[in-house]
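Structure record follows, encoded as structure tokens.
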Amino acid sequence: MASFLDRRSFLKQSFAFSALASGFHTLPALASAPDPAARHVLLVGDWGWDSNIAGQARTAEQMVSYAGTHQIRPEALLMLGDSWYGPMPHGIHDLRWKVQFEDMYPASAFPGPVYSIMGNHDYQRMPEDVTKTEMELSYARQPGTRWTQPALWYTFDLPQANPLLHVIALDSNTTQGHETNAVDFTLTPAQQATQLSWLAAELEKPRRAPFLVVLGHHPIFSNGPHGDHKTLIAEWEPLLRKHNVDFYFAGHDHDLQHLEFEGHPTSFVCSGAGGADLYDLKIPESKRGPFAEKVYGFSHLEATPDKVILRHIAADGRVVHAFSKTSKGAVTILS
Ligand SMILES: [Fe+2]
């Protein structure tokens, strides 16, 4: 516990310090004008609400509209987990795949691969014998599908040739602190340990792209109701710091966030506002930020060899937050 507190103390966020140290300032023109010559990726999480899909529909329509307006042809979509709340009684043939995936995020706008990671709601039985995790991995094995998840944890490059981003996609459904019952389950302790060893080994490999990205459904740090994640702080955060991981992208909290910590190389981004019910933030951005907002929306990552711009886009089309990060780690708030 002492080391946890020490680390938390060291991580004590100081936006004022960060602002002074890295020259944060507002550059609204850059925030609103994507560069069509750059490489683009859209991220969205927590969209698979089963009782009311109005929020998902509004957000997905804006993703299509945004890509069209800015003439962006995304390399990929990144789905940050909780893709399927509730039962999927017909498995890969369930109508929800057409309604809530294929039609919401159409191949006409998003022809590239759609990379998926598992959220806690994906870790549920359907409630038949087959789990939703097995169903999603099966959907990805179908010939010609855009849905891409070869394993519970895996890596990929964006773009696939001459990559700008190397992405390590993880399964954050750790055993600690999660309810398990007849419906809900998690990784086993053995799987969790195996993944952690694999992650450490992956991060030891030489860099293969200017930017290194880690994905996990659960935020490590969050201003939302789920808060900071003690297990991920203990197991993953030291590795992100040691290996200068540029971005950690998560969902789980149904909001849009961007957190920076003094002296930490990683920008922590939450994009879990794709459709499920929104919840109040627990910590305002004035206390820990620079940004946290309870709003439906998605995120747009624009990459060039020396800079990434990350924009949070609300479902009504507003750019609610944007920042850039250079390959040397300098963060600038753009809006
Ligand atoms: Fe979740």
Cubic angstrom per residue, convex hull over Cα atoms of the stretch 140-185: 102 Å³
Kirkwood-type radius of the stretch 2-333, with distances r between different C-alpha atoms, in Å: 19.8 Å
Unit charges at the beta carbon, dipole of the chain: most positive-side option, 165, 119, 295: 165
Descending principal axes extents, the stretch 75-209, alpha-carbon based, whole Å: 43, 40, 22
Accessible area in square angstrom per residue, the chain, 1.4 angstrom probe: 40 Å²
Separation between Cα centres of the stretch 205-284 and the stretch 72-91, rounded to whole Å: 19 Å
Portion, in percent, of the accessible area of the stretch 2-333 that falls on carbon or sulfur, probe 1.4 Å: 56 percent
Within the chain: Cβ-based charge dipole about Cα centre, in debye rounded to nearest 20 (Lys, Arg +1; Asp, Glu -1): 920 debye
Per-residue [θ]222 nm for the chain (sum of -39500 (n - 2.57) over DSSP H runs n ≥ 4, rounded to 500): -6500 deg cm²/dmol
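The values are calculated or read from the model by the stated rules, or taken from the named source; none is laboratory data. What you see is a predicted model, and the numbers here were worked out from it, not measured in a lab. Note: ideal-geometry Cβ built from the backbone for every residue, glycine included; neighbour counts use all protein chains shown. SASA here: full protein model, heavy atoms, side chains in, ligands and nucleic acids out. Shrake-Rupley method; radii C 1.70, N 1.55, O 1.52, S 1.80 Å.
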